[in-house]
Amino acid sequence: MTQTMIGIIGGSGLYEIEGLQDAKWQSVETPWGAPSDEILTGTLDGVTMAFLPRHGRGHVHSPTTVPYRANIDALKRLGVTDIFSVSACGSFQDHMAPGHFVIVDQFIDRTFAREKSFFGTGCVAHVSVAHPTCPRLSDAAETAARDQGITVHRGGTYLAMEGPQFSTLAESKLYKNVWGCDVIGMTNMPEAKLAREAEICYASVAMITDYDSWHPDHGEVDVTEIIKTLMGNADNARGMVARLPKLLGADRKDCPHGCDKALEFAILTAPDARDPEVVAKLDAVAGRML
């Protein structure tokens with residue numbers, strides 16, 4: 001049994017965790033460069049927590065330039081066992097309205113300008129992301145959201161687009177009507193894939209701000225309305241996050257779904273053929289296996 005350390009990756013509008021004891025911002029160096037910002041650590045209800053603002057304080061990183069590998073590596077180095085990703089999203093479903101939260105369980109990755117793996121030439125690995133989020137963490141997120149009084153939907157497919165522009169009307173209709181997606185965002189990929197490679201349990205909470213551009217009654221995305229909804233969502237998200245430590249507890253058993261053993265049979269490169277420099281960069285995310 002290990003000690004739980006909850007990592008929160010906060011998206012647009014969520015830049016801190018309130019109520020942390022012994023809170024401090026600290027720098028973490030990684031072989032993949034600097035993370036988005038310093039990481040806020042502390043304890044809440046007896047559970048250690050780490051908070052990373054995905055876009056950096058002041059929102060300095062676009063979805064494309066977020067240093068995803070450095071972020072996941074930094075959280076792993078700090079000892080994070082469980083990640084909750086909180087991000088703003090558009091909705092493709094009438095019943096998933098602005099102000100509602102969706103506990104995402106599937107992704108379609110349409111990003112194309114990002115490094116998506118810690119592995120590559122010199123050390124090849126293939127992890128399964130058939131089920132990219134952890135049901136145990138999703139249970140906790142759903143309970144925390146409901147206890148906070150948030151309208152929450154369990155299960156949904158997240159279309160990850162490159163951005164930073166919003167969708168065209170044709171794209172929006174494709175994602176909704178042909179592909180059957182539920183929400184759209186720009187940041188959960190490759191984040192979820194990298195968390196799986198790092199053997200960290202991962203849950204995704206989508207905070208709906210708008211209806212993208214498909215909705216006949218709403219037209220194109222209105223940034224002014226998004227920001228207004230974003231602020232309300234952020235207040236709810238802070239309340240939800242504050243409920244997570246009691247739900248998970250300080251003592252952590254192995255993940256029953258195997259998220260924390262994802263590399264068990266994933267590394268294919270023979271030990272004597274592995275590039276020492278590549279292996280050295282993998283010391284945090286894959287040290288258990290290497």
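The values are calculated or read from the model by the stated rules, or taken from the named source; none is laboratory data. Predicted model, so just to flag it, every value in this text is computed and none were measured. Note that each Cβ is placed from the backbone with ideal geometry, even for glycine, and that neighbours are counted across all protein chains shown.
Tabulated data
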| quantity | calculated |
| --- | --- |
| Hey, Val86 under 30 Å from Asp217 (Cα atoms), of a type outside the set (Phe, Trp, Tyr), under 14 Å from the mean Cα position of the chain (by Cα) and modelled with pLDDT of 95 or more or not | yes |
| Region 246-260 residues that are within 13 Å of Met1 (Cα to Cα) and in contact (Cβ under 8 Å) with a residue 40 or more places away in the chain, paired with ones that are part of a strand (DSSP E or B) and among the aliphatic types (A, V, I, L, M) (beta carbon under 7 Å, 6 or more apart) | Ala250/Val47 |
| Search result, residues across region 1-15 that are surrounded by fewer than 16 Cβ atoms within 10 Å (Cβ to Cβ) and either more than 19 Å from Ala198 (Cβ to Cβ) or of a type in the set (A, V, I, L, M) (or both) | Met1 |
| Residues within region 30-46 that are closer than 28 Å to Lys116 by Cβ, acidic (Asp, Glu) and over 20 Å from the mean Cα position of the chain (by Cα), tallied | 0 |
| Residue that is surrounded by the most Cβ atoms within 10 Å (Cβ to Cβ) [pool: residues in region 53-75 that are in contact (Cβ under 8 Å) with a residue 40 or more places away in the chain and over 27 Å from Thr157 (Cβ atoms)] | Ala74 |
| Criterion (among the small types (Gly, Ala, Ser), without any contact (Cβ under 8 Å) to a residue 60 or more places away in the chain and touching a Gly at 6+ places or on another chain (Cβ under 9 Å)) met by exactly one of Ala237, Ala273, Ala242 | Ala273 |
| Subset of region 133-164 (residues that are of a type in the set (Gly, Ala, Ser) and surrounded by 15 or more Cβ atoms within 10 Å (Cβ to Cβ)) | Ser138, Ala140, Ala141, Ala144, Ala145, Gly156, Ala160, Gly163 |
| Residue within region 87-94 that is of a type outside the set (Gly, Ala, Ser) and touching a helix residue (DSSP H, G or I) at 6+ places or on another chain (Cβ under 9 Å) present | yes |
| Strands (runs of 3 or more DSSP E) enclosed by region 1-112 - at least 2 residues per element that are more than 20 Å from Ser204 (Cβ to Cβ) and not polar (S, T, N, Q) | 21-26, 39-44 |
| Qualifying positions in region 126-154 - part of a loop (DSSP other than H, G, I, E, B) and over 15 Å from the mean Cα position of the chain (by Cα) | His126, Val127, Ser128, Ala130, Gln148, Gly149, Ile150, Thr151 |
| Spans of helices (runs of 4 or more DSSP H) in region 178-290 with at least 1 residues surrounded by fewer than 19 Cβ atoms within 10 Å (Cβ to Cβ) | 223-248, 276-281 |
| Region 106-147, residues that are of a type in the set (A, V, I, L, M, F, W, C) and closer than 17 Å to Pro256 by Cβ | Ala130, Cys134, Leu137, Ala140, Ala141 |
